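The values are calculated or read from the model by the stated rules, or taken from the named source; none is laboratory data. Note that this is a predicted model, so its numbers are computed, not measured. Quick reminder, even Gly has a Cβ in these numbers, built from the backbone with ideal geometry, and neighbours come from all protein chains shown.
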Amino acid sequence: MNKRLVIFDLDGTLLNTIGDLAAATNAVMRAHGYPEHDLTAYRRFVGNGVSKLIERALPAELRDPAHIKTLLQEFLVHYQAHIDEQTEPYDGIPELLAELTARKIATAVASNKFHAGTVRLIARFFPEIPFIAVLGQREGIPIKPDPTVVQEILRKADLSTEAVLYVGDSGVDMQTARNAAVESVGVTWGFRSREELLENGACHLVSHPAEIVSLL
């Protein structure tokens, strides 16, 4: 066993959040008379932060920065009021986190979800897990696939890149791992396809959380 830290993406990796994200975005679209979208579309819209989510949901001709900023504030109000109504951990995730904790493998979260939402969901669903860092999108910090958030966690853990697994469900996650020079694990239960994970350089693919233990 040579891995001492596992860094997880949040949406589509630890938690299935798509229902609440879709509901909040559709509520904003509906309030302004814009077209709503189904869950399949939202699987493509998420992954690059909430501003990009709003931009992708809007009709192309309405995607100016000022309008996106206004709708983003409306989205945040609605989403934070309903953040965990449809959200739940994926099967096997609580057991995996408990196993890593029992083995004294450190865990952390690196998400493009806004920071307050990331912290709130982790506290809600995994209060017993001693994550060494729970980091979402923060002002002034570039989002993934920029490696800054992973590098911040590595400094906090005082570990080299060789001691780390990075686990995520999207091409953005696989690019993040590659940019940070850490070993990547693509999960197939999330929002994006196996093909996207492979095309973006996944070192490993797993179809159930328990499989991650064998990669340590």
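Would you say Pro94 is surrounded by fewer than 18 Cβ atoms within 10 Å (Cβ to Cβ) and within 19 Å of Gly168 (Cβ to Cβ)? Judged against the criteria, Pro94 is a match. Taking each residue of segment 82-106 that is at pLDDT 95 or above and looking for partners that are of a type in the set (Ser, Thr, Tyr) with beta-carbon atoms closer than 6 Å, six or more apart or interchain, yields Thr87/Thr17; Leu100/Thr107. Checked against the criteria, Lys69 counts as within 28 Å of Pro147 (Cβ to Cβ) and without any contact (Cβ under 8 Å) to a residue 60 or more places away in the chain. When Ala210 is tested against (1) touching a Ser or Thr at 6+ places or on another chain (Cβ under 6 Å); (2) surrounded by fewer than 24 Cβ atoms within 10 Å (Cβ to Cβ); (3) assigned to a helix (DSSP H, G or I), only condition (1) is not met.
Take Phe75 and tell me if it is modelled with pLDDT of 95 or more, out of contact with any Asp or Glu (no Cβ under 6 Å at 6 or more places or on another chain) and in a loop (DSSP other than H, G, I, E, B). In short, no.
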